[in-house]
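K.L.:
Take a look at this one; I'll ask things after.
The values are calculated or read from the model by the stated rules, or taken from the named source; none is laboratory data. Predicted model, so just to flag it, every value in this text is computed and none were measured. Here the Cβ positions follow ideal geometry from the backbone for every residue, glycine too, while neighbour counts run over all protein chains shown.
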Amino acid sequence: MSKVASMRDAVAEVVHDGDVVAIEGFTHLISFAAGHEIIRQRKRDLTLARLTPDLIYDQMVAAGTARKLIFSWLGNPGVGGLYAIRRRVESADPAPLELEEYSHFGMVGRYTAGAANLPFYPLRSYFESDLPKANPLIRPIRSPYGDETVYAVPPLKPDVTVVHAQRADAEGNTQMWGLLGCQKEAAFAAERVIIVVEELVDEAVIRADPNRTVIPGLIVDAVVVEPWGAHPSYVQGSYDRDNRFYRDWEGISKDATTTQAWLDEWVYGISGRAEYVEKLGAERVAALKPSGTAPSGSVDYGTYR
Amino acid sequence: MSEQRPVGQPAASGSAAPASAFTKSEMMIVAAARELAGQRVCFVGVGLPNIAVNLARLTVAPTLELVYESGAFGSKPPRLPLSIGDPSIVTGATAIVPMFELFSFYLQGGLVDVGFLGAAQIDRFGNINSTVIGDYEHPKTRLPGSGGACEIAINARQVFVIMRQSKRSFVDKIDFRTSPGNLGGAEAAARIRREQGWLGSGPSVVVTDLGIYHFDDAGEMRLDSIHPGATLDQVRETIGWDPKVAEPLAVTRPPTAEEMRLIREELDPEGAYTK
């Protein structure tokens, strides 16, 4: 059964006020298109989970969609800060923002425990760090097989996880390559999953390379076809990270007024991703295409009858 | 086919650039890169570590395997990535793995020789703050937080730190301990590491824009080399405690022409890291 839907319908049906939402993707494959649609639909009181909140959560926080952030690294890598989030944390402007903070490994462990239906995930981190004091959900536990102590983090089970990928079939069987982040763990941990892809492919394409299937359609609720839906993040092999925008955001986000003006122009003022791409302009889009191709070799799975 | 620039050759120990020909940041990056000579596997942090490690790969450590927390092992980026999740660390890498595997099998499994970190604040024992300035609940400045730094500091065999010196960053007491260093001193730190089964032995090098520090038997930072053009007065004015200074104090070898060419022409032509 086809699960293909428009972004508008997918977000309207799958994302509800008050949900815990994870739009994952480590630098790569971040669904800005879904984040912007959540802003346009004025969802409220969301708890946003992501290792690196990145520009997408800065924009969603600036738009007033969120009351809480669960994260492990809060910045604009190589550039600076996330100022809409910082305004809410440092001066409760325009309202406080609750933080629940881990390390990267802790966040990965949380999704893993959530996906595997475990009560906690154990890891060798947090020793002699102040993080367990700042977040009492990070707790020491004793090994049942000896006297070793490790730290535990609780499972994270988002109500909704959104994953951007290179391709999926209409049922949501999803293939991706390049940096995988913890997209798989976040999807399996979630109650509902939206897949956003650059390209909708036939089931036969998926079945021809099953090792590349990261998320099975079994756990997917909606498939949205949205080329360039990850911009200004990137899609390996399709388009580059728009570092110019990441640098520009530093100036835009430092001031609440320019941040809102940006949201008006680039989110509220347009109907969806197709219009966004048109607005970016052919020249900018063309400049983000990879400078060359680097195809993988193909492997032979063989047939067995 | 992909259009990749050829990977640079190890720099000959050739001619030194005149002192006026390099900035303090460039000296810092070069000094940090040289510290990686002989290392095998390095976990690369965001920011300054990224350029230092990539310079090392092109000069003193051609066999260095770069590990990025985003899930890349054995990267050979033909351009210097702004972020540590850049597509250029993927194409041509040895392996791309889920972050779960990277942190569980590579880092916690004990395969990482050097964790290379930056920081907002550091104390004399190499404890690192990258979380907040001020009180945690009501911070004056909210910093990015741990990322992978906390588990890198505990599980990498040793930790290198690169950061610019200032009274605000080199402090007597850090506001928040994000990543543990030598805690309150070497003896207690060694005991705790043993008891808790840490894989790492903690910080071993801190490279700044003024000099190179290693850690003495007490687990405290000691200035072993001062960069050309820097003075001991400058060092003391930009550090929140009375620093130990090696006798005799070495002077860091200035960047070679080849190191400068790699930074300015290949790694950072826009000066994003060196300004």
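K.L.:
If a residue has to be within 11 Å of chain A (Cβ to nearest Cβ) and without any contact (Cβ under 8 Å) to a residue 60 or more places away in the chain to count, how many in segment B:90-105 make the cut?
P.N.:
Residues that pass the stated criteria total 11.
K.L.:
Would you check if A:Asn135 is within 24 Å of the chain's Cα centre (by Cα) and within 23 Å of B:Val46 (Cβ to Cβ)? Step through it out loud before you land on a result.
P.N.:
Values: within 24 Å of the chain's Cα centre (by Cα): yes; within 23 Å of B:Val46 (Cβ to Cβ): yes.
Here the answer is yes, as A:Asn135 does meet what is asked.
K.L.:
Give segment B:119-139 a look and list any residue that's away from chain A (no Cβ under 12 Å) and among the β-branched types (Val, Ile, Thr), or say none.
P.N.:
B:Ile122 - this is the single residue of segment B:119-139 that is away from chain A (no Cβ under 12 Å) and among the β-branched types (Val, Ile, Thr).
K.L.:
Shifting gears a bit: Determine which member of the set A:Leu82, A:Leu74 is free of Cβ contacts under 8 Å to residues at least 24 places away in the same chain, on the phi < 0 side of the Ramachandran plot and touching a helix residue (DSSP H, G or I) at 6+ places or on another chain (Cβ under 8 Å).
P.N.:
A:Leu74
K.L.:
Out of all the residues in segment B:150-161, is one or more without any contact (Cβ under 8 Å) to a residue 40 or more places away in the chain, out of contact with any Lys or Arg (no Cβ under 6 Å at 6 or more places or on another chain) and within 12 Å of chain A (Cβ to nearest Cβ)? Walk me through it before giving the result.
P.N.:
Looking only at segment B:150-161, we keep the residues that are without any contact (Cβ under 8 Å) to a residue 40 or more places away in the chain, and these are B:150.
Imposing the further condition that a residue be out of contact with any Lys or Arg (no Cβ under 6 Å at 6 or more places or on another chain) reduces the set to B:150.
Pick out the ones that are also within 12 Å of chain A (Cβ to nearest Cβ) and you get B:150.
There is at least one residue in segment B:150-161 that is without any contact (Cβ under 8 Å) to a residue 40 or more places away in the chain, out of contact with any Lys or Arg (no Cβ under 6 Å at 6 or more places or on another chain) and within 12 Å of chain A (Cβ to nearest Cβ).
Residue by residue, here is whether (1) of a type in the set (A, V, I, L, M, F, W, C); (2) closer than 27 Å to A:Ala12 by Cβ; (3) in contact with a Lys or Arg (Cβ under 9 Å, 6 or more places away or on another chain) holds:
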{"position": "A:Ala187", "(1), (2), (3)": "yes, yes, no"}
{"position": "A:Glu191", "(1), (2), (3)": "no, yes, yes"}
{"position": "A:Arg244", "(1), (2), (3)": "no, no, yes"}
{"position": "A:Arg247", "(1), (2), (3)": "no, no, no"}
{"position": "A:Ile252", "(1), (2), (3)": "yes, no, no"}
{"position": "A:Thr257", "(1), (2), (3)": "no, no, no"}
{"position": "A:Asp264", "(1), (2), (3)": "no, yes, no"}
{"position": "A:Glu283", "(1), (2), (3)": "no, no, no"}
{"position": "A:Ser296", "(1), (2), (3)": "no, no, no"}
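K.L.:
If B:Pro49 meets every condition in (1) crowded, with 24+ Cβ neighbours inside 10 Å; (2) within 9 Å of another protein chain (Cβ to nearest Cβ) apart from one, which number is that one?
P.N.:
Exception for B:Pro49: condition (2).
K.L.:
Here is a check on your reading of the model: is B:Val205 part of a strand (DSSP E or B), of a type outside the set (Ser, Thr, Tyr) and either modelled with pLDDT of 95 or more or touching a strand residue (DSSP E or B) at 6+ places or on another chain (Cβ under 6 Å) (or both)?
P.N.:
Answer is yes for this residue.
K.L.:
Still on this structure, I have one more. Go through segment B:169-200 and report how many residues are part of a loop (DSSP other than H, G, I, E, B), within 12 Å of chain A (Cβ to nearest Cβ) and of a type in the set (Ser, Thr, Tyr).
P.N.:
Summing the residues that are part of a loop (DSSP other than H, G, I, E, B), within 12 Å of chain A (Cβ to nearest Cβ) and of a type in the set (Ser, Thr, Tyr) in segment B:169-200 gives 1.
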